[in-house]
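The values are calculated or read from the model by the stated rules, or taken from the named source; none is laboratory data. None of these values were measured; they are calculated from a predicted model. When we count neighbours, we look across all protein chains shown, and the Cβ atoms used for this are built from the backbone with ideal geometry, even at glycine.
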Amino acid sequence: MRLSAPIYRLKQQAKSLSKQRGIALNIALDHMARKEGFNSWGHPTHSARDTSSSSNLLSHFRSGDTVLLGARPGHGKTMLGLELALSASKNGDASAFFSLEYTLEDIRKRLNVLSQDQKREADKIHLDLSDDICAEYVIKVLKCAPDVKLIVVDYLQLLDLKRSTPPLDHQVRALRAFARSEQKVMVLISQIDRSFETKNKTHPDLSDVRMPNPLDLSLFSKTCFLHDGTVEIRVNS
């Protein structure tokens, strides 16, 4: 289904609606989605990205990669992360999705855009929504599931939210080392700073990554930035 305006325009309209009516942004986003003929906001972002399939994106990754997947809110980074896990599953590789951000109901809402065949594949994804998620936790779980080849962590900036967890840089180094030693693909979903929206760029880049705490971004072997339904992939050299 063709959208009446680019995703970023629809999101701007939703923000205005949110302020005018005093309603939550997610409610305003769903309202805009219904005007476009979709049930919820996840549907148009999924539709807009049809030309950049997750299976094609997955082909750019290699065993041992640590990938940063970034986008501004509302541009579908969580859905793309789920689609990557789904594509890996369809290719015969077990996958895992760890989230500190979403509830099971949130994930199910996003999976509602999938076909019935895709939903059956989605049931094979190891889904972990524990409040204890950090690098140590992820590695511990994966050591008990050696068949998992692709891991998605949602999201980067929450990994060191608890004072009891190591600094973010330390955790990313641990995840990177694990991905390399066990030949897995580790995808970390990342927030993008809102200042990106004031810049004349088609996609975010590493300079736009929101970093409340120090992190060496050269630890990522590849970057994947999503904006307005298109994806830009780069080797981080």
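Here Leu161 meets the list (1) free of Cβ contacts under 8 Å to residues at least 24 places away in the same chain; (2) over 24 Å from Gly64 (Cβ atoms) almost entirely, failing just condition (1).
The numbered conditions (1) within 21 Å of the chain's Cα centre (by Cα); (2) modelled with pLDDT under 85 are all true for Ala5 except (1). Candidates in the stretch 131-146 are the residues that are in contact (Cβ under 8 Å) with a residue 12 or more places away in the chain and part of a loop (DSSP other than H, G, I, E, B); of these, the one that is farthest from Val187 (Cα to Cα) is Asp131.
Please tell me if Ser195 is of a type in the set (Ser, Thr, Tyr) and surrounded by fewer than 21 Cβ atoms within 10 Å (Cβ to Cβ). For Ser195, the condition - of a type in the set (Ser, Thr, Tyr) and surrounded by fewer than 21 Cβ atoms within 10 Å (Cβ to Cβ) - is met. The lone criterion from (1) outside any strand (DSSP E or B); (2) among the basic types (Lys, Arg); (3) in contact with a strand residue (DSSP E or B) (Cβ under 8 Å, 6 or more places away or on another chain) left unmet by Lys201 is number (3). Taking first residues from the stretch 73-96 that are assigned by TED's automatic domain parsing to the domain that holds Gln183 and free of Cβ contacts under 8 Å to residues at least 60 places away in the same chain and partners that are surrounded by 24 or more Cβ atoms within 10 Å (Cβ to Cβ) and among the β-branched types (Val, Ile, Thr), the Cβ contacts under 8 Å between residues at least 6 apart in sequence or on separate chains come to Met79/Thr45; Ser95/Ile151; Ser95/Val152; Ala96/Ile151; Ala96/Val152. Inspect the stretch 185-194 for any residue being touching a residue at least 40 places away in the same chain (Cβ under 8 Å), assigned to a loop (DSSP other than H, G, I, E, B) and hydrophobic (A, V, I, L, M, F, W, C) and give the result as yes or no. Within the stretch 185-194, none of the residues are touching a residue at least 40 places away in the same chain (Cβ under 8 Å), assigned to a loop (DSSP other than H, G, I, E, B) and hydrophobic (A, V, I, L, M, F, W, C).
Within the stretch 215-237, take every residue that is part of a loop (DSSP other than H, G, I, E, B) and at pLDDT 95 or above and give me the one that is nearest to the chain's Cα centre (by Cα). Filtering the stretch 215-237 for residues that are part of a loop (DSSP other than H, G, I, E, B) and at pLDDT 95 or above, the one nearest to the chain's Cα centre (by Cα) comes out as Phe220.
Taking (1) under 18 Å from the mean Cα position of the chain (by Cα); (2) under 15 Å from Asp216 (Cβ atoms); (3) assigned to a helix (DSSP H, G or I) in turn, Asp169 satisfies each apart from (1). Inspect the stretch 147-168 for any residue being aromatic (Phe, Trp, Tyr), surrounded by 15 or more Cβ atoms within 10 Å (Cβ to Cβ), farther than 30 Å from Asp228 by Cα and in contact with a strand residue (DSSP E or B) (Cβ under 9 Å, 6 or more places away or on another chain) and give the result as yes or no. Looking through the stretch 147-168, none of the residues is aromatic (Phe, Trp, Tyr), surrounded by 15 or more Cβ atoms within 10 Å (Cβ to Cβ), farther than 30 Å from Asp228 by Cα and in contact with a strand residue (DSSP E or B) (Cβ under 9 Å, 6 or more places away or on another chain). The set of residues in the stretch 113-168 being among the small types (Gly, Ala, Ser) and in contact with a Gly (Cβ under 8 Å, 6 or more places away or on another chain) is empty.
Taking Pro212, is it assigned to a loop (DSSP other than H, G, I, E, B) and under 16 Å from the mean Cα position of the chain (by Cα)?
no
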